[in-house]
């Protein structure tokens, strides 16, 4: 089904879920969110891709587990479009967050969905669209990290240091009380480096990426060995491969 055309400033959403009652509930919730209108609904992956091609929605609210073509497969296909829509996964399962992160979904909302939670997710879509309109949005701005029994969203701006730990990276995140907390994320340092804004982050070692404004200075330790001194007082050795870029940052 399809609704009337939305006002220019609204996001036109496609709801995709194989449960009719879940689709109806999402329609009711969407009707109460400012800046959002429902352009259509689909109950399977193939129909979702067909409708997405004809309706060209701004946003797809996508169930993760569906028969035949699941949500991840639909999202991968949508990402290949010339002008791909934003994707918010809506699911009862919390174990697909890493895959969602890799597909650059805007959010990962767990069922049962509340209007407040979906409203926050839609606000992130609108914010991302604003960043792109201003010429930004090309770089990773946030992470989803597993923590206890939930998924936390961490702003890239709060990450001070990233260390490699085998197949994972550890994010060291500044807290409002001045302390730091760390989270493990299934990613490689090299893959993550390519998605981080080089104006904000710098790789100083094969195992370490630092936020530039966390670096208080560079220290020569002798015999060609240099370290980056951080604002929290710790020191991180700079790998020889990365020394040139570290010195360039310091204007040397």
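Would you mind stating whether residue 145 is in the same structural domain as residue 232 (by TED's automatic domain parsing), crowded, with 16+ Cβ neighbours inside 10 Å and closer than 20 Å to residue 99 by Cβ? When the stated conditions are applied, residue 145 does not pass them. Going through (1) in contact with a helix residue (DSSP H, G or I) (Cβ under 6 Å, 6 or more places away or on another chain); (2) on the phi > 0 side of the Ramachandran plot one by one, residue 49 falls short only on (2). All of (1) surrounded by fewer than 14 Cβ atoms within 10 Å (Cβ to Cβ); (2) part of a helix (DSSP H, G or I); (3) touching a residue at least 12 places away in the same chain (Cβ under 8 Å) hold for residue 28 with one exception: (3). Filter the stretch 212-237 down to residues that are touching a helix residue (DSSP H, G or I) at 6+ places or on another chain (Cβ under 9 Å) and in a strand (DSSP E or B) and give me whichever is nearest to residue 157 (Cα to Cα). The qualifying residue nearest to residue 157 (Cα to Cα) is 215. With respect to the stated conditions, residue 240 fails to be surrounded by fewer than 15 Cβ atoms within 10 Å (Cβ to Cβ) and within 13 Å of residue 159 (Cβ to Cβ).
For the stretch 158-169, the set of residues classified as modelled with pLDDT of 90 or more and surrounded by 14 or more Cβ atoms within 10 Å (Cβ to Cβ) consists of 158, 159, 160, 161, 162, 163, 164, 169, listed by residue number.
Among the residues of the stretch 64-73, not a single one is under 12 Å from residue 52 (Cα atoms) and either touching a strand residue (DSSP E or B) at 6+ places or on another chain (Cβ under 8 Å) or assigned by TED's automatic domain parsing to the domain that holds residue 17 (or both). Here the condition is being farther than 25 Å from residue 185 by Cα, surrounded by fewer than 16 Cβ atoms within 10 Å (Cβ to Cβ), without any contact (Cβ under 8 Å) to a residue 40 or more places away in the chain and more than 17 Å from the chain's Cα centre (by Cα); of 82, 52, 42, it holds for 82 alone. Count of the stretch 1-17 residues, restricted to those that are over 25 Å from the mean Cα position of the chain (by Cα) and at pLDDT 95 or above, is 0.
Residue 211 meets all of the listed conditions (1) under 19 Å from the mean Cα position of the chain (by Cα); (2) without any contact (Cβ under 8 Å) to a residue 40 or more places away in the chain but one, namely (2).
The values are calculated or read from the model by the stated rules, or taken from the named source; none is laboratory data. These numbers were taken from a predicted model, which means no experiment stands behind them. In this analysis, Cβ positions are derived from the backbone assuming ideal geometry, glycine residues included, and neighbour counts consider all displayed protein chains.
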